[in-house]
Amino acid sequence: QVRLVESGGGLVQPGGSLRLSCAASLSIFSIYDMGWYRQAPGKQRELVAAIASGGITNYADSVKGRFTISRDNAKNTVYLQMNSLKPEDTAVYYCHSSLSKYNYWGQGTQVTVSS
């Protein structure tokens with residue numbers, strides 16, 4: 001059974017940083033496209049950042065220049081480095097993997113940006 005396990009969320013002050021990690025129990029992690037989504041209360045889930053199997057990345061306009069997605073295929077892990085955090089970044093952050101028709105989600109990790 002595929003599992004995606006996020007970690008690294010928490011409470012941080014505006015302007016602070018957090019690094020999220022997602023460990024995936026995928027048999028061939030390197031061929032999956034990976035992404036981070038977030039969902040704030042009362043809002044739809046949205047894509048934050050994605051990294052393709054070949055390493056190409058894309059970001060939501062709201063996080064460009066502040067967030068960086070990366071992956072370590074040897075560790076079956078994808079990361080989201082979040083800098084210059086803002087209160088509007090507060091949400092539950094979800095890890096996602098996809099390969100053709102196969103899509104998997106993690107359970108989510110809460111990120112709260114507040115003074």
- Task: Could you check, for segment 3-12, whether at least one of its residues is in contact (Cβ under 8 Å) with a residue 40 or more places away in the chain, within 16 Å of Met82 (Cβ to Cβ), touching an Asp or Glu at 6+ places or on another chain (Cβ under 7 Å) and open to solvent by 20 Å² or more (accessible area, probe 1.4 Å)?
- Result: no
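Can you pull out every residue in segment 19-42 that is in a strand (DSSP E or B) and open to solvent by less than 30 Å² (accessible area, probe 1.4 Å)?
Within segment 19-42, Leu20, Ser21, Cys22, Ala24, Met34, Gly35, Trp36, Arg38 qualify.
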- In the set Val113, Val92, the lone residue that is touching a Lys or Arg at 6+ places or on another chain (Cβ under 8 Å) and either among the small types (Gly, Ala, Ser) or farther than 22 Å from Arg3 by Cβ (or both) is Val113
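Looking only at strands (runs of 3 or more DSSP E) that fall completely inside segment 43-113, which ones have 2 or more residues that are open to solvent by less than 70 Å² (accessible area, probe 1.4 Å)? Walk me through how you get there before you give the answer.
Working: elements: 46-51, 57-59, 67-72, 77-82, 91-99, 102-105, 109-113.
Filter on segment 43-113 gives 46-51, 57-59, 67-72, 77-82, 91-99, 109-113.
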- Query: Is segment 45-63 home to any residue that is without any contact (Cβ under 8 Å) to a residue 60 or more places away in the chain, over 23 Å from Leu99 (Cβ atoms) and not aliphatic (A, V, I, L, M)?
  - Reply: yes
- Query: Which is within 10 Å of the chain's Cα centre (by Cα) and of a type outside the set (A, V, I, L, M), of Gly65, Gly42, Gly35, Gly54?
  - Reply: Gly35
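The values are calculated or read from the model by the stated rules, or taken from the named source; none is laboratory data. Owing to the predicted nature of the structure, the values given are computational and were not obtained by experimental measurement. Ideal geometry is used to build each Cβ from the backbone, glycine not excepted, and the neighbour counts take in all protein chains shown. Surface accessibility is based on the protein's heavy atoms, side chains included, excluding ligands, DNA and RNA. Shrake-Rupley method; radii C 1.70, N 1.55, O 1.52, S 1.80 Å.
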